[in-house]
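Here the structure comes first, spelled out in structure tokens, and everything after it is commentary.
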Amino acid sequence: YELGQNDACLSLCWLPRDQKLLLAGMHRNLAIFDLRNTSQKMFVNTKAVQGVTVDPYFHDRVASFYEGQVAIWDLRKFEKPVLTLTEQPKPLIKAAWCPTRTGLLATLTRDSNVIKLYDMQHTPTPIGDETEPTIIERSVQPCEHYIASFAWHPSSQNRMVVVASNRTMSDFTVFERISLAWSPVTSLMWACGRHLYECTEETSSFEKDIATKMRLRALSRYGLDTEQIWRNHILAGSEDPQLKSLWYTLHYILKIV
């Protein structure tokens, strides 16, 4: 095949949705070629023709860049970028989607030891003109020296290898932000990556918070047994001798009365 013979090709990638479709960044054009019919192509005029890369989880979403700006495209609405990410002060040299995490794009600028991450996990897909997506931006510093390039691990979650300018390689894992949820009954739960953790209170009855004690007693109908009133100390769920003495005293008083 010979495609775009009059233009220099600056970046190239296959489109996963169809093994015969090719996306190329050429001189001021992003073009989609169908190898079954090379005489026809779909293209859009843009400066962002470098580093074209397809989101592995959403095959119609493509990223490309020019200088310090990243453009996000929806191939179903290929007239213009659906999103333009924050412009960076230095020229970009690489952009890559994370293969183990949906909507996570990493970018690298020239002469930098920082990789910038754009989290589009919570962005509505497909992105439309009517929506205002929220992008969470982060910066990570895998090493002290300038980074020459990086590559995501194909299967290990959020893991990448970076190559520094001093010819060293670093194995680096991007840790997720931790989301905490604290229930009214003192249980704590948090999410990290693909894992969900729960922490519950496992202490003796003497160490439990008063709110926890009152909740457990309410669930066991503590204080509502009026026929065998002495049993309420059992419903309290504790071995407190003073509480036991109190309910037995009330039991004997009622018997005398």
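Just to verify a result, which residue in the range 209-239, among those that are without any contact (Cβ under 8 Å) to a residue 12 or more places away in the chain and acidic (Asp, Glu), is surrounded by the fewest Cβ atoms within 10 Å (Cβ to Cβ)?
The residue in question is 227.
Can you pull out every residue in the range 34-49 that is modelled with pLDDT of 90 or more and either in a strand (DSSP E or B) or not assigned by the TED database to the domain that holds residue 81 (or both)?
Looking only at the range 34-49, we keep the residues that are modelled with pLDDT of 90 or more, and these are 44-49.
44, 45, listed by residue number.
Tell me, yes or no, whether the range 142-153 has at least one residue that is surrounded by 12 or more Cβ atoms within 10 Å (Cβ to Cβ), free of Cβ contacts under 8 Å to residues at least 24 places away in the same chain and of a type in the set (A, V, I, L, M, F, W, C). Please lay out each step first, then the result.
Filtering the range 142-153 down to residues surrounded by 12 or more Cβ atoms within 10 Å (Cβ to Cβ) leaves 142-143, 145-153.
Next cut, free of Cβ contacts under 8 Å to residues at least 24 places away in the same chain only: 148.
Narrowing the set further to residues that are of a type in the set (A, V, I, L, M, F, W, C) leaves 148.
Yes.
Quick one: which residue in 63, 95, 71 is in contact with a Pro (Cβ under 7 Å, 6 or more places away or on another chain) and either crowded, with 18+ Cβ neighbours inside 10 Å or touching a residue at least 12 places away in the same chain (Cβ under 8 Å) (or both)? Spell out how you get there, then give the answer.
On the way: 63 fails: in contact with a Pro (Cβ under 7 Å, 6 or more places away or on another chain); 95 fails: in contact with a Pro (Cβ under 7 Å, 6 or more places away or on another chain).
Result: 71 is the single residue among 63, 95, 71 that is in contact with a Pro (Cβ under 7 Å, 6 or more places away or on another chain) and either crowded, with 18+ Cβ neighbours inside 10 Å or touching a residue at least 12 places away in the same chain (Cβ under 8 Å) (or both).
Okay, residues lined up against (1) modelled with pLDDT under 90; (2) touching a strand residue (DSSP E or B) at 6+ places or on another chain (Cβ under 6 Å):
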| site | (1), (2) |
| --- | --- |
| 98 | no, yes |
| 108 | no, yes |
| 120 | yes, no |
| 129 | yes, no |
| 136 | yes, yes |
| 149 | no, yes |
| 157 | yes, no |
| 175 | yes, no |
| 191 | yes, yes |
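Going by the structure shown, is residue 231 under 30 Å from residue 104 (Cβ atoms), of a type in the set (Lys, Arg) and not in a strand (DSSP E or B)? So that I can check it myself, show each step before the final result.
Values: under 30 Å from residue 104 (Cβ atoms): no; of a type in the set (Lys, Arg): yes; not in a strand (DSSP E or B): yes.
Taking the combined requirement at face value, the residue does not satisfy it.
Being without any contact (Cβ under 8 Å) to a residue 40 or more places away in the chain and loosely packed, with under 14 Cβ neighbours inside 10 Å is true for just one of 42, 26. Which residue is that? Can you show your working first?
Working: 26 fails: loosely packed, with under 14 Cβ neighbours inside 10 Å.
Of 42, 26, the one residue that is without any contact (Cβ under 8 Å) to a residue 40 or more places away in the chain and loosely packed, with under 14 Cβ neighbours inside 10 Å is 42.
Only residues that are surrounded by 11 or more Cβ atoms within 10 Å (Cβ to Cβ) and assigned to a loop (DSSP other than H, G, I, E, B): list them for the range 2-16, please. Walk me through how you get there before you give the answer.
Our first condition is that a residue be surrounded by 11 or more Cβ atoms within 10 Å (Cβ to Cβ); within the range 2-16, this holds for 3-4, 7, 9-16.
If the condition is that a residue be surrounded by 11 or more Cβ atoms within 10 Å (Cβ to Cβ) and assigned to a loop (DSSP other than H, G, I, E, B), then 3, 4, 7, 9, 10, 15, 16 are the ones that fit.
May I ask you to verify whether residue 189 is free of Cβ contacts under 8 Å to residues at least 60 places away in the same chain, surrounded by 11 or more Cβ atoms within 10 Å (Cβ to Cβ), closer than 16 Å to residue 100 by Cβ and among the aliphatic types (A, V, I, L, M)? Let's see the steps before the verdict.
Values: free of Cβ contacts under 8 Å to residues at least 60 places away in the same chain: yes; surrounded by 11 or more Cβ atoms within 10 Å (Cβ to Cβ): yes; closer than 16 Å to residue 100 by Cβ: no; among the aliphatic types (A, V, I, L, M): yes.
Taking the combined requirement at face value, the residue does not satisfy it.
Could you look through the range 75-91, keep only residues that are touching a strand residue (DSSP E or B) at 6+ places or on another chain (Cβ under 6 Å) and part of a strand (DSSP E or B), and pick out the one that is surrounded by the fewest Cβ atoms within 10 Å (Cβ to Cβ)?
Ranking the qualifying residues of the range 75-91, first place goes to 84.
The values are calculated or read from the model by the stated rules, or taken from the named source; none is laboratory data. Bear in mind the structure is a predicted one, so any value in this text is a computation, not a measurement. As a convention, Cβ positions derive from the backbone with ideal geometry for all residues, glycine included, and neighbour counts pool all protein chains shown.
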